[in-house]
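Q: Structure in structure tokens, see below.
The values are calculated or read from the model by the stated rules, or taken from the named source; none is laboratory data. Note that the structure is predicted; figures quoted are calculated from it, not measured. Counting neighbours? That spans all protein chains shown, and the Cβs are built from the backbone with ideal geometry, glycine included. SASA here: full protein model, heavy atoms, side chains in, ligands and nucleic acids out. Shrake-Rupley method; radii C 1.70, N 1.55, O 1.52, S 1.80 Å.
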Amino acid sequence: MNIPRSVVGFLSSRGLVIATAESCTGGLIASLIADVPGSGACLDMGFVVYSPSGKCGVLSVQAQTIEEHGLTSEEVAREMATGVLALEACSAHIAVANTGIAGPPPKGTDLAPGTQCFAWRYKRRDGEYMFSETRVFDGDRTTIRQNAALYALSRIEHYFNQLPNARRRGP
């Protein structure tokens, strides 16, 4: 199955638009979408925010969140997804965010190599809904980043289908 093509078809068929906020994947999620013909109708914007200052300054991730939970955390991914959808110029209905490590973990952490944290935020008339996950991918740096980007895309429709049962999350 071609995951990016499936995602573009899913988004286009429902008139949905997506934005990305990426750290470890370095723009691969947005790039995979953009590779699909017709993706211009469903891709609004993508941000690569690798550094803490980028996450905080562009996407309004709280420094305290980074201090308490670390850069590789679902909490940071959630704030990244919230931040991109909150941007005045963003017209997306869905945000996907990723932060993680593709190589050896930083000293002083107990994270496994390949740890990736994701968040998916959906904006609807009845509110906003958030989902997040942490996964560990095997392989070299390139393989981890590629698999993380494909995984992030593969869960968009999955979580969309859970929205009627999702708890409402405020901004």
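Q: Restricting to the stretch 36-51, what's the tally of residues that are more than 26 Å from Gly103 (Cα to Cα) and either touching a Phe, Trp or Tyr at 6+ places or on another chain (Cβ under 8 Å) or open to solvent by 20 Å² or more (accessible area, probe 1.4 Å) (or both)?
A: Here the count works out to 7.
Q: Given the residues Ser60, Ser53, Ser31, which is the only one that is out of contact with any Lys or Arg (no Cβ under 9 Å at 6 or more places or on another chain), under 17 Å from Phe118 (Cβ atoms) and among the small types (Gly, Ala, Ser)?
A: After ruling out the rest, the residue left standing is Ser31.
Q: Find the residue count for the stretch 103-143, including only residues that are of a type in the set (Ser, Thr, Tyr) and under 18 Å from Arg78 (Cα atoms).
A: Total satisfying the criteria: 5.
Q: Could you list, in sequence order, all residues of the stretch 4-22 that are closer than 26 Å to Gly103 by Cβ and open to solvent by less than 10 Å² (accessible area, probe 1.4 Å)?
A: Listed by number, the residues that qualify are Thr20, Ala21, Glu22.
Q: OK, next. Looking at (1) in contact with a strand residue (DSSP E or B) (Cβ under 7 Å, 6 or more places away or on another chain); (2) more than 25 Å from Leu43 (Cα to Cα), can you tell me which one Gly70 breaks?
A: Looking at each condition in turn, Gly70 falls short on (1).
Q: Evaluate the stretch 79-101: report whether one residue or more is more than 30 Å from Arg14 (Cβ to Cβ), of a type in the set (Ser, Thr, Tyr) and assigned to a helix (DSSP H, G or I).
A: No: the stretch 79-101 contains no residue that is more than 30 Å from Arg14 (Cβ to Cβ), of a type in the set (Ser, Thr, Tyr) and assigned to a helix (DSSP H, G or I).
Q: Only residues in the stretch 119-139 that are in contact (Cβ under 8 Å) with a residue 60 or more places away in the chain count as the first member; pair them with residues that are open to solvent by 20 Å² or more (accessible area, probe 1.4 Å), Cβ under 8 angstrom, at least 6 apart or cross-chain, and list the lot.
A: Thr134/Glu74
Q: Then there's this: For residues that are among the charged types (D, E, K, R) and farther than 18 Å from Lys123 by Cβ, tally how many sit in the stretch 1-27.
A: 2
Q: While we're on this one: Scan the stretch 15-30 for residues that are part of a helix (DSSP H, G or I) and in contact with a helix residue (DSSP H, G or I) (Cβ under 8 Å, 6 or more places away or on another chain) and report the count.
A: 2
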